[in-house]
Amino acid sequence: MQSDLLDAVGLAITIHDKRYDEHPSVLAALGVGADFAAAQLSGIGGPLPDALAYQVPVLSLDLWTDDRWPELTLASLRSRAPQHESSWEHVRGAAAVPGVWADDATVVVCCTLSQPASAATVASLITYEQLVSAALIITAAENASAIADIITVLQSRGAIEQAKGALMGLVRCDAEHAWRMLRRASQEFNVKLRELAVALVEHISGAPAEQPDTGTPIRPDERTCEAARLMWAALSETPLAQ
Amino acid sequence: MTNSQFRMSAAEAEQPPVVTATGDIDLANVNEFSDVLNSAAADSDAITVDLSDVTYCDSAAVRALFAVAATTKLGLIVPARGPIMTLLSISGLDRVATVVTCD
């Protein structure tokens with residue numbers, strides 16, 4: 001897709017399966033795609049939520065000045081995702097194309113461009129949307145639980161990111177280091193990494209980790225919760241100057 | 001080329017060919033609509049699509065119009081108010097096609 005849409009600054013494939021999840025999930029993304037999708041879905045609006053809501057292709061020539069989404073501005077994206085500071089400045093147009101691949105299940109292919117989107121952009125995305133929908137239909141036909149599994153993975157990604165963030169704050173390390181600590185602890189305690197991440201977030205916050213209301217929420221067992229307590233206690237006692 | 005629902009009139013006096021659609025355009029007949037659009041666009045670098053007598057059109061028609069606008073200069077004639085104009089502005093098709101409204 002990226003080689004065909006040369007001006008793409010970001011791409012995202014978002015699925016919304018109302019049977020498993022109230023909220024749309026980003027299935028795959030490139031560049032600023034994931035952060036742009038999350039920002040649009042957080043309530044400021046944009047081509048992606050409109051394509052989901054109205055089930056029509058949506059095109060924008062200049063996102064930041066488009067009168068359909070007054071809250072979607074360069075300033076709001078800069079403050080939401082400052083790590084893409086230099087990319088947001090180059091963003092001009094965008095297009096989003098929806099498709100339905102099962103009852104109540106929608107997929108939207110959305111791209112962000114460094115120039116105004118054209119009808120040709122929409123025509124390309126229509127081709128990709130058909131491919132993506134076909135792949136989803138085949139996956140769903142082969143294994144009914146596969147789609148639920150995909151959503152579980154997406155769901156655990158959130159908890160892993162939260163756990164990494166907490167570790168980065170506690171130990172003052174970077175994301176890569178936090179990821180290695182999580183992975184090592186999961187191996188040492190012999191527990192699943194995504195369950196450990198959920199347990200850690202729940203231990204720190206003292207409340208259930210936020211998870212979308214899917215068919216199979218992640219519920220760490222007692223052993224995993226104990227591993228999370230031990231890991232957090234050990235790290236909290238470590239003097240900062242080592 | 002004539003058809004019960006989609007008619008095409010040939011280009012004349014430097015005016016692009018006009019495709020006139022009537023009734024409903026949906027998944028059931030969007031392929032016919034696309035065929036007429038494509039044959040009109042084949043011999044001309046611009047076409048006009050008159051939707052003023054269309055009673056209903058959905059995402060399928062919007063996709064067909066985006067597809068033809070990707071390769072041809074597209075002009076649209078639509079009722080000034082109503083669901084078709086709403087669909088054009090939600091989708092942004094009104095920003096890449098020349099829209100003329102009628103009453």
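Bear in mind these aren't lab numbers, they're just calculated from the coordinates by the rules spelled out. Model, not experiment: these values are computed from the prediction. So basically every Cβ, Gly included, is an ideal-geometry build from the backbone, and we count neighbours across all protein chains shown.
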Average partner chain C-beta neighbours within 10 Å, per residue of B:71-77?
1
With each label point set 7 Å from Cα along the Cα-Cβ vector, what nm distance links A:D7 and B:T101?
2.8 nm
Just rank A:D104, B:D26, fewest to most, by other beta-carbon atoms within 10 angstrom.
A:D104, B:D26
Percent antiparallel among DSSP beta bridges with both residues in segment B:6-102, to the nearest 5?
25 percent
Theoretical gain in end-to-end length, A:S114 to A:V100 [0.36 nm per residue, Cα-Cα removed]
2.2 nm
Where does segment A:99-144 land on the Kirkwood hydrodynamic radius, alpha-carbon pairs, in angstrom?
11.8 Å
Rounded if a/c under 1.5, otherwise prolate or oblate - segment A:1-93, Cα gyration tensor axes
rounded
Most exposed first by the Cβ proxy, i.e. fewest other Cβ within 10 Å, how do A:L230, B:L74 rank?
A:L230, B:L74
Electrostatic dipole magnitude of segment B:6-102 [Cβ: Lys, Arg +1; Asp, Glu -1; Cα centre; debye, to 20]
300 debye
Please state, as a whole number in µm²/s, the translational diffusion coefficient that the Stokes-Einstein equation yields for the protein assembly as shown at 37 °C and 0.692 mPa s, with Rh defined as the Kirkwood radius across alpha carbon pairs.
145 µm²/s
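Quantify how strongly other chains surround peptide A:45-53 by giving the mean number of their Cβ atoms within 10 Å of each of its Cβ atoms. Show your work: numbers first, answer last.
On the way: counts 0, 0, 2, 0, 0, 3, 3, 0, 1.
Average per residue, whole number: 1.
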Mind listing the phi-derived Karplus ³J(HN,Hα) values for segment B:61-76, rounded to whole Hz, using 6.51, -1.76 and 1.60 with θ = phi - 60°, and x for any glycine or proline?
5, 4, 4, 4, 6, 4, 4, 6, 5, 5, 10, 9, 6, 10, x, 10
For chain B, which GluC sites (Glu not before Pro) are both in a DSSP coil and crowded by at most 12 other Cβ atoms within 10 Å?
B:E14
Compute the semi-axes of the equivalent ellipsoid of chain B, taking the square root of 5 times each eigenvalue of the Cα gyration tensor, and list them largest first in whole Å.
19, 15, 13
Would you mind checking which residues have amide H under 5 Å from B:D24's amide H? H placed 1.01 Å from N; only 5 or more apart, or other chain.
B:T55, B:Y56
Arranged by the count of other C-beta atoms within 10 angstrom, fewest first, what order do B:Y56, A:Y128 take?
B:Y56, A:Y128
Rounded to the nearest 500, what is the 222 nm mean residue ellipticity of the protein assembly as shown from helices alone, with -39500 (n - 2.57) per DSSP H run of 4+ residues and division by all residues?
-14000 deg cm²/dmol
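Which whole number gives the average count of other chain Cβ atoms within 10 Å of the Cβ atoms across peptide A:87-99?
1
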